[in-house]
1. Would it be correct to say that Val130 is among the hydrophobic types (A, V, I, L, M, F, W, C), farther than 26 Å from Leu230 by Cα and out of contact with any Phe, Trp or Tyr (no Cβ under 6 Å at 6 or more places or on another chain)?
2. Could you list, ordered by first residue, the pairs with Cβ atoms under 6 Å in which the first is in the range 67-87 and more than 15 Å from Glu28 (Cα to Cα) and the second is of a type in the set (Ser, Thr, Tyr), at least 6 apart or interchain?
3. Do we have any residue at all in the range 225-235 that's closer than 17 Å to Ile176 by Cα, β-branched (Val, Ile, Thr) and not in a helix (DSSP H, G or I)?
4. Show me the helices (runs of 4 or more DSSP H) entirely contained within the range 91-200 in which 1 or more residues are touching a residue at least 40 places away in the same chain (Cβ under 8 Å), surrounded by 14 or more Cβ atoms within 10 Å (Cβ to Cβ) and out of contact with any helix residue (DSSP H, G or I) (no Cβ under 9 Å at 6 or more places or on another chain).
5. Can you tell me how many residues within the range 239-255 are part of a loop (DSSP other than H, G, I, E, B) and of a type in the set (D, E, K, R)?
6. Output yes when any residue across the range 61-76 is at pLDDT 95 or above, closer than 18 Å to Pro136 by Cβ and either surrounded by 23 or more Cβ atoms within 10 Å (Cβ to Cβ) or not aromatic (Phe, Trp, Tyr) (or both), and no when none is.
7. Quick one: would you say Ala209 is of a type outside the set (Asp, Glu), in a loop (DSSP other than H, G, I, E, B) and buried (at least 20 other Cβ atoms within 10 Å of the Cβ)?
8. Looking only at the range 256-285, count every residue that is surrounded by fewer than 12 Cβ atoms within 10 Å (Cβ to Cβ) and assigned to a helix (DSSP H, G or I) and tell me the total.
Amino acid sequence: MLISDTTEPLSAPLLGPDEPGAFEILNEGGRAKCILVCDHAANLVPQKLNNLGLEPDDFQNHYAWDIGVDAITRRLSKLLDAPAIFGTYSRLVVDLNRHLDHPTAFVTSGEGRAVPGNVAMSEGEKTLRVNELYEPFHNKLSAMIDGYVSQGTHPAIIAIHSFTPTFFQQQRPWEIGVLWVQDSRLPAPIMQHFRDKDFTVGDNEPYDARIMRGTTVNYHADARGLPNALIEVRNDLIDTDEKAHEWADMLSHSIAPLLEDEALFTAYEGPQIMHSPEMEQEYFDRLIQKAKQGDL
């Protein structure tokens, strides 16, 4: 089932009056100088898109959303008293955690499963998704950051994600990973906290943010010199609310002390790691090849 007939293109608005907007804000008046970002929180699809030609069960898989992160972020927002922004639609509609020119911003397959609605998507429909879902989310996050900066504070940006235990044939041993580019002020102590508790911690695993760019954190935090970290938790450890809340508690214990240091909330002025699109493509190709072979 395709999302639309090419002779009858979708017209604006994409979202109906009874559907959620592009984002949800929780605890906007929180006192912490920190914004939590949960861009892969949901697996909804606008009604006009007819589930992108997929079956309902497809939207329970990782390629449709990040399992467990909504529950983690909601509890972490309360524990840290930090505002949080959530994406309200599936990453299959448009991936908020990608630049729009990235090849996975509008995926045509998820872990080998074709996404018919994206294969058949017209430029006009892509524009609808960008105008009504992607841009409102990023504009709101920018405005939240501007609110802090206008008061002389560079807020910490912490994105919460999850990853699968198995990627193709590769078994991923990490329980938590922290992705970062050059600013170690948040990533280093968070990783050390979990190492000290005998967790298997991935430093720029399962993906290396120094090479693979284009995330929400790159766009909003690295580009503005804001302290930041992208935290990945293995999704079999957070696939119930109870387990997700336990991880939120542990994350709070690692993050809260860092937010007490006023020196954190300043612009990063250290060395810059430059991005190479060619290196990124080579890295991604090697990553896929190793995963298919079952190698780390």
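1. No, not satisfied.
2. These pairs meet every condition: Ile67/Ser162; Gly68/Ser162; Val69/Ser162.
3. The answer is yes, given that some residue of the range 225-235 is closer than 17 Å to Ile176 by Cα, β-branched (Val, Ile, Thr) and not in a helix (DSSP H, G or I).
4. Helices (runs of 4 or more DSSP H) meeting the threshold: 135-149, 187-196.
5. 1
6. Looking for residues that are at pLDDT 95 or above, closer than 18 Å to Pro136 by Cβ and either surrounded by 23 or more Cβ atoms within 10 Å (Cβ to Cβ) or not aromatic (Phe, Trp, Tyr) (or both), one finds none in the range 61-76, hence no.
7. yes
8. Residues flagged as surrounded by fewer than 12 Cβ atoms within 10 Å (Cβ to Cβ) and assigned to a helix (DSSP H, G or I) within the range 256-285 amount to 6.
The values are calculated or read from the model by the stated rules, or taken from the named source; none is laboratory data. What you are looking at is a predicted structure, and each value in this text was computed from that prediction instead of being measured. Don't worry about glycine lacking a Cβ; one is built from the backbone with ideal geometry, like all the others, and counts go over all protein chains shown.
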